[in-house]
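Novice: First the structure, which I've put down as structure tokens, then a few questions once you've had a look.
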Amino acid sequence: MGLSEGFKMGLELMWGIVTAEPLLTGFLVLFIAGSLLLTFIINTLRYQKLKKSGILKVDEMTGREFEEYLRVLFRERGYQVQLTPATGDYGADLILSAKGQKVVVQAKRYKKNVGLKAVQEISTAKNHFNADECWVVTNSHYTEPARKLAASNRVRLVDRELLMKWMLEMKKDNETQRTASVGKVE
């Protein structure tokens, strides 16, 4: 039996099953259509959240633009922020201060997952800058080895989802402030 004969028999078998039980066929068609519709809705909502957060613009930034963006984001979150020099930064891109605490941050605007090196560098920067905490912030995610090393070295990993949450909070706060200031003018 050739490939075309086997395929033809398979189609005949499928057609026999479909026509033998019209109720089952209707259920299967509705199930498949519903699954496709649900998938479309979920993907559309996910894209709208990405678009609203601004993460898609972050994905297009250069590394230095991302650092500048994080400076604004952390200021909005109540930190005093110092941007380190582009070269010779000892592994820290930003230095945050708030309530007597110092945090060194390494920014990684990546298309791929962030690996061990970033965790190693920020751990060293924590000692160099005599900081209380150290973070790696990315628009992406982390490799498993990076997560393990971060856990054992008390490095906070801020991934795409948490960054998006912070970005949405900043946008919401800014919109609330604009609405409040417009209300005062009237």
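Novice: Here are some residues: ARG109, ARG64. Which one is farther than 21 Å from LEU168 by Cβ and among the basic types (Lys, Arg)?
Specialist: After applying the criteria, what remains is ARG64.
A quick yes/no check of all residues on (1) within 17 Å of LEU149 (Cα to Cα); (2) touching a helix residue (DSSP H, G or I) at 6+ places or on another chain (Cβ under 7 Å):
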residue	(1), (2)
GLU67	no, no
LEU70	no, no
GLY78	no, no
GLN82	no, no
GLY88	no, no
ILE95	no, no
GLY100	no, no
ARG109	no, yes
VAL114	yes, yes
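Novice: Within the stretch 44-73, how many residues turn out to be at pLDDT 80 or above, open to solvent by 60 Å² or more (accessible area, probe 1.4 Å) and not polar (S, T, N, Q)?
Specialist: 7
Novice: State yes or no: is ILE41 in a helix (DSSP H, G or I), within 26 Å of GLU161 (Cβ to Cβ) and either open to solvent by 100 Å² or more (accessible area, probe 1.4 Å) or modelled with pLDDT of 75 or more (or both)?
Specialist: Numbers: in a helix (DSSP H, G or I): yes; within 26 Å of GLU161 (Cβ to Cβ): yes; either open to solvent by 100 Å² or more (accessible area, probe 1.4 Å) or modelled with pLDDT of 75 or more (or both): yes.
When the stated conditions are applied, ILE41 passes them.
Novice: Collect the residues in the stretch 108-139 that are within 16 Å of GLY54 (Cα to Cα) and either in contact with an Asp or Glu (Cβ under 7 Å, 6 or more places away or on another chain) or among the aromatic types (Phe, Trp, Tyr) (or both), keeping them in residue-number order.
Specialist: Result: TYR110, THR138, ASN139.
Novice: For the stretch 99-109, does any single residue satisfy the condition of being at pLDDT 95 or above, surrounded by fewer than 20 Cβ atoms within 10 Å (Cβ to Cβ), part of a strand (DSSP E or B) and not β-branched (Val, Ile, Thr)?
Specialist: Yes, the stretch 99-109 has at least one match.
Novice: Checking the structure you have, find out if any residue of the stretch 87-94 is open to solvent by 30 Å² or more (accessible area, probe 1.4 Å) and touching a strand residue (DSSP E or B) at 6+ places or on another chain (Cβ under 8 Å).
Specialist: No: zero hits.
Novice: To continue, here is another question. Only one of (1) at pLDDT below 95; (2) closer than 17 Å to GLY63 by Cβ; (3) not in a loop (DSSP other than H, G, I, E, B) is not met by PRO85, so which one is it?
Specialist: Result: PRO85 fails condition (3) only.
Novice: State whether one or more residues within the stretch 97-108 are in contact (Cβ under 8 Å) with a residue 24 or more places away in the chain and among the hydroxyl-bearing types (Ser, Thr, Tyr).
Specialist: Within the stretch 97-108, none of the residues are in contact (Cβ under 8 Å) with a residue 24 or more places away in the chain and among the hydroxyl-bearing types (Ser, Thr, Tyr).
Novice: Restricting attention to the stretch 126-137, does a residue exist that is open to solvent by less than 80 Å² (accessible area, probe 1.4 Å) and assigned to a helix (DSSP H, G or I)?
Specialist: For the stretch 126-137, residues open to solvent by less than 80 Å² (accessible area, probe 1.4 Å) and assigned to a helix (DSSP H, G or I): present.
Novice: Also, quick follow-up: Does GLU76 satisfy being under 18 Å from LYS165 (Cα atoms), open to solvent by 80 Å² or more (accessible area, probe 1.4 Å), of a type outside the set (Lys, Arg) and at pLDDT 80 or above?
Specialist: Numbers: under 18 Å from LYS165 (Cα atoms): yes; open to solvent by 80 Å² or more (accessible area, probe 1.4 Å): yes; of a type outside the set (Lys, Arg): yes; at pLDDT 80 or above: yes.
It is true that GLU76 is under 18 Å from LYS165 (Cα atoms), open to solvent by 80 Å² or more (accessible area, probe 1.4 Å), of a type outside the set (Lys, Arg) and at pLDDT 80 or above.
Novice: Okay, next question. Determine, yes or no, whether VAL119 is in a helix (DSSP H, G or I), β-branched (Val, Ile, Thr) and open to solvent by 30 Å² or more (accessible area, probe 1.4 Å).
Specialist: On the way: in a helix (DSSP H, G or I): yes; β-branched (Val, Ile, Thr): yes; open to solvent by 30 Å² or more (accessible area, probe 1.4 Å): no.
In short, no.
The values are calculated or read from the model by the stated rules, or taken from the named source; none is laboratory data. Since the structure is predicted, the reported quantities are computational estimates derived from the model, not experimental observations. Quick reminder, even Gly has a Cβ in these numbers, built from the backbone with ideal geometry, and neighbours come from all protein chains shown. Accessible surface areas use protein heavy atoms only, side chains included; no ligands, DNA or RNA. Shrake-Rupley method; radii C 1.70, N 1.55, O 1.52, S 1.80 Å.
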